[in-house]
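Structure record follows, encoded as structure tokens.
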Amino acid sequence: MSSKTGLLTAVHLANIASTLAATRKYALGTLYVQLHPRFQEVAKPTAFSKFIATVYQSSPKVLGPGVDLRILISSLKSKEIIPVSRPVDYLFYDYCVDPQQDGLDVTKTYPGSSVIELGTQPFAIDARELIESSETFKNVVLGGTFDRIHAGHKVLLSQAALLAEERLVVGVTDENMIKSKKLWELILPTERRIEDVRAFIDDVDCTLKHEVVPISDPFGPTATDPHMDLIVVSTETSRGGAKVNELRAKNGLNQLKVHTIDLLDDELTVEDKEDKISSSNQRMDLLGTRLKPRDAKPHLSSKPYIIGLVGGVAAGKSKMAERFAKLGAGVIDCDKIAHELYEPGEDCYQTVINNFGMGILNEDKTINRKALGAIVFSDPDKLDLLNTILWDAILERAKQRIKEMYEKQNKQIIIMEAAVLLRAGWQSACHEIWSCIIPREEAIQRLMERNGLTEEEADKRIKAQISNSELVKNSDIVFCTAWSYEYSQTQAEKVWADLVEELKLKL
């Protein structure tokens with residue numbers, strides 16, 4: 001993302017879309033928009049609520065998804081220019097600058113910034129896009145997850161700031177409240193989300209006293225704080241406002257006015273994703289992208305480049321490995337290696353029988369893996385024993401296969417598919433780790449349909465493996481196959497193209 005920052009002073013509100021689009025060529029990372037302070041002479045801050053929502057909704061399409069747009073509410077409340085938190089590279093105007101006419105000299109606040117006139121119209125306050133002002137309140141409260149601040153969050157927080165006269169309280173859901181969310185394992189830590197909300201409010205309206213606090217239930221401070229007047233909700237959470245007032249009535253507290261904000265349509269949405277601008281869509285966009293920088297692995301040769309592919313049972317690892325094989329990767333299936341090691345004549349074969357008994361054998365003396373699985377998946381200690389027997393042998397044979405695949409087939413990138421990789425501690429054998437996750441309910445359903453297991457049996461297998469959150473924590477790249485085949489394919493193609501470019505390979 002670019003580190004360049006722009007500050008746009010705007011007066012011609014009807015032309016805002018074309019004005020914002022004109023900033024694209026400057027490759028900005030952040031664009032602040034301040035509405036000229038003389039708007040305060042013709043309208044109250046709440047009159048700008050619809051305008052602000054419309055601008056934020058269209059911003060990903062107009063500016064591009066990589067630009068962080070922030071509309072300064074403070075410019076509607078203070079006649080003084082309040083500096084933003086970042087150094088400003090460009091001062092944009094949507095009119096021909098004439099300090100004597102508009103009475104605003106932004107260059108004094110940001111000396112050294114480049115001045116760029118994006119419009120050819122003269123200075124004139126254009127209030128045609130404004131609506132009738134609404135009532136304001138001393139103390140305003142709202143809550144949410146606020147994962148990776150997006151346009152919808154910005155509208156919610158901005159509307160609350162417009163309605164607040166003195167104090168704004170924001171509750172941010174903690175880890176106990178996020179597990180029903182789509183791809184919740186990718187949600188940022190509570191502390192980071194709180195800091196992001198604070199930083200946004202500080203940026204757009206530092207005239208308010210604000211409190212951003214973690215909440216572990218749907219009510220947060222609204223259950224006990226007597227100094228609250230208005231709660232801001234979305235159409236999706238509007239019932240929560242009524243529930244809050246029910247609890248406040250029981251606790252002998254005043255009833256809160258409820259202000260409901262419409263959800264924003266996502267103008268860039270695709271099939272499989274939600275139609276609204278949402279954090280869920282943003283987390284889906286993270287699939288197949290690098291979550292952390294590549295670590296140096298000096299103990300490993302740069303070629304071949306080895307990727308450990310991990311994931312829970314029925315998470316779609318094998319299908320994802322097939323996709324990479326078609327794209328040009330070599331694939332080592334450690335589960336198949338384990339099958340080989342169970343065969344009569346292998347060193348592991350007799351060791352497994354000695355520890356788990358003759359009852360795990362088929363009539364032809366091969367090991368019945370279903371019978372063995374029934375034993376180990378119901379007893380963690382027996383599972384650990386089996387793993388100790390097999391893991392070292394599997395890794396040693398996998399290394400042999402990798403060497404052969406590189407030398408004989410010239411495979412530059414090799415995927416080592418291994419569900420046990422993290423538990424076995426094989427991370428050091430790989431340049432990076434990729435993982436496949438699916439929701440627990442989906443995994444149970446797949447196991448029941450594919451393996452003929454009961455729900456209880458499927459649940460036991462899932463509980464015996466590493467959790468999705470632990471997989472994500474240890475992964476450089478994450479995939480989820482809970483949606484269409486095409487969406488999973490897109491994830492694979494995206495990361496493959498990026499990796500080939502990073503490694504400068506010609507495949």
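Before moving on, here are some points about what is shown:
- Bridge type composition, the chain - antiparallel percent by DSSP, nearest 5: 5
- Amide H to amide H, with H built 1.01 Å from N, Lys276 comes under 5 Å of Asp266, counting only residues 5 or more places away or on other chains.
- Scanning residues 5 or more positions from Thr481 or on other chains, those with amide H under 5 Å from its amide H are Ile437, with H placed 1.01 Å from N in the peptide plane.
- Vicinal HN-Hα couplings computed from phi for the range 274-287 (Karplus, 6.51 cos²θ - 1.76 cosθ + 1.60; Hz; Gly/Pro x): 6, 6, 8, 5, 8, 5, 4, 4, 5, 5, 4, 5, 6, 5
- Checking every one of the GluC sites (Glu not before Pro) in the range 157-260 against DSSP loop status and a limit of 16 other Cβ atoms within 10 Å picks out Glu236.
- Evaluating kT/(6 pi eta Rh) at 4 °C and 1.567 mPa s, with the Kirkwood radius of the range 97-145 over Cα pairs in the Stokes-Einstein relation, gives 84 µm² s⁻¹.
- With all protein chains modelled, accessible area of His259 [1.4 Å, Å²]: 60
- Here Thr54 and Lys473 are evaluated by their C-beta separation; at R0 = 35 Å the FRET efficiency comes out at 0.35.
- The convex hull of the Cα atoms of the range 75-214, projected and averaged over all directions, covers 10.8 nm².
- Zone residues, the range 75-103, relative to Ala127, backbone N less than 19 Å from point 7 Å out along Cα-to-Cβ: 75-80, 102-103
- Sequentially through the range 93-101, phi angles give Karplus couplings (6.51, -1.76, 1.60; θ = phi - 60°) of 9, 9, 8, 6, 6, 8, x, 5, 7 Hz, Gly and Pro residues having no value and appearing as x.
- Partners for Lys319 among aspartates and glutamates (Cα-Cα distance below 15 Å; same-chain residues under 8 apart left out): Asp333, Asp335, Glu417, Glu486, Glu493
- Arg198-Thr107 FRET efficiency (beta carbon distance; Förster radius 35 Å; 0.05 resolution): 0.75
- FRET E, pair Thr289, Glu236, Förster distance 25 Å, beta-carbon r, rounded to 0.05: 0.40
- Computed accessible area, Lys50, all protein chains, 1.4 angstrom probe, square angstrom: 130
- Label point distance in nm, His227-Gln40, each placed 7 Å from Cα along Cα→Cβ: 2.4
- Alpha-carbon spread of the range 296-359, three principal axes, descending order, Å: 43, 31, 20
- Share of carbon and sulfur in the accessible heavy-atom surface of the chain [1.4 Å probe, %]: 49
- Quarter of the Cα convex hull surface for the range 161-316, i.e. its orientation-mean projected area (nm²): 13.9
- For Glu211, the shell of other residues with beta-carbons less than 11 Å away shows a net charge of +2, using +1 for Lys and Arg and -1 for Asp and Glu.
- Averaging over all projection directions, the Cα-based convex hull of the chain occupies 29.1 nm² in the image plane.
- In order along the range 17-27, phi translates into HN-Hα couplings of 5, 5, 5, 4, 4, 5, 7, 4, 5, 8, 6 Hz, rounded to whole numbers, per the Karplus curve 6.51 cos²θ - 1.76 cosθ + 1.60 with θ = phi - 60° and x for Gly and Pro.
- At 1.306 mPa s and 10 °C, Stokes diffusion of the range 370-507 via Kirkwood alpha-carbon radius, µm² per second: 92
- Accessible area per residue in Å² at 1.4 Å probe, computed on the chain: 48
- Label point distance in nm, Glu407-Glu501, each placed 7 Å from Cα along Cα→Cβ: 3.5
- Cα centroid separation, the range 379-433 to the range 33-61 (Å): 57
- Computed extension gain for Lys138 through Leu327, at 0.36 nm per residue and net of the alpha carbon distance, reaches 62.1 nm.
- Values of log10 I(q)/I(0), in the order q = 0.15, 0.17, 0.23 Å⁻¹, for the range 440-500 under a Debye, Cα-only, solvent-free model: -0.61, -0.74, -1.00
- Fraction of C-alpha pairs exceeding 17 angstrom in the range 1-94: 46 percent, rounded to a whole number.
- Calculation over all alpha carbon pairs of the range 192-279 in 10 angstrom steps from 0 returns a P(r) of 14, 33, 38, 13, 2 percent.
- When each of the peptides 22-34, 137-149 is scored by the mean number of other C-beta atoms lying within 10 Å of its residues, the order from highest to lowest reads 137-149, 22-34.
- Protection proxy ranking of 409-418, 388-397 - average other beta-carbon atoms within 10 Å, highest first: 409-418, 388-397
- Amide N of the range 155-199 lying under 17 Å from the label point, which is placed 7 angstrom from the Cα of Glu455 along Cα→Cβ: none
- Exposure ranking of Met405, Met228 by accessible area [1.4 Å probe, largest first]: Met405, Met228
- Pairs beyond 22 Å (Cα-Cα), from Lys4/Lys50; Lys273/Lys494; Lys77/Lys138; Lys50/Lys108; Lys181/Lys273; Lys365/Lys403: Lys4/Lys50; Lys50/Lys108; Lys365/Lys403
The values are calculated or read from the model by the stated rules, or taken from the named source; none is laboratory data. Fair warning: this is a prediction, and the values are worked out from it, not measured in the lab. Cβ sites come from the backbone with ideal geometry, for glycine too, and all protein chains shown count toward neighbours. Side chains included, ligands, DNA and RNA excluded: accessible areas come from the protein's heavy atoms. Shrake-Rupley method; radii C 1.70, N 1.55, O 1.52, S 1.80 Å.
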